[in-house]
Amino acid sequence: MEQSKQLLGEETLFGVTQIFKALADPTRVQILNLVQDQEYSVNDIARTLGFNQTTVSHQLRFLKKFTLSKIKTRRYNDLLYARRQPRSGIALASD
């Protein structure tokens, strides 16, 4: 007996495509890889990866909104710090 496959809802489809879009960008993957084990300031991320601070801030906002990894940020002394915390046991391949 053939079972009919249910199509993804519009909201689910959008969310899944945003995750793939987030992981398709090398800059975002580099940032995720860097912040997976320790907290870095946005300036440290920019300096380590050779990006400007504005680019890093923009990419962190995107990652916080659209990835399976929870990007935890906090402010301290006018600096923004970021660290990745896996959601639901899903992590980068190197974990």
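Throughout, read-outs are computed from the coordinates displayed, never taken from laboratory work. None of the values given here were measured: they were computed from a predicted structure. Glycine also receives a Cβ, built like all others from the backbone with ideal geometry; neighbour counts cover every protein chain displayed.
Which residues, taken from the range 39-48, are crowded, with 16+ Cβ neighbours inside 10 Å and touching a residue at least 12 places away in the same chain (Cβ under 8 Å)?
Tyr40, Ser41, Val42, Ile45
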Among (1) in a helix (DSSP H, G or I); (2) over 15 Å from Arg83 (Cβ atoms), there is one condition Leu60 misses while meeting the rest; what is its number?
(2)
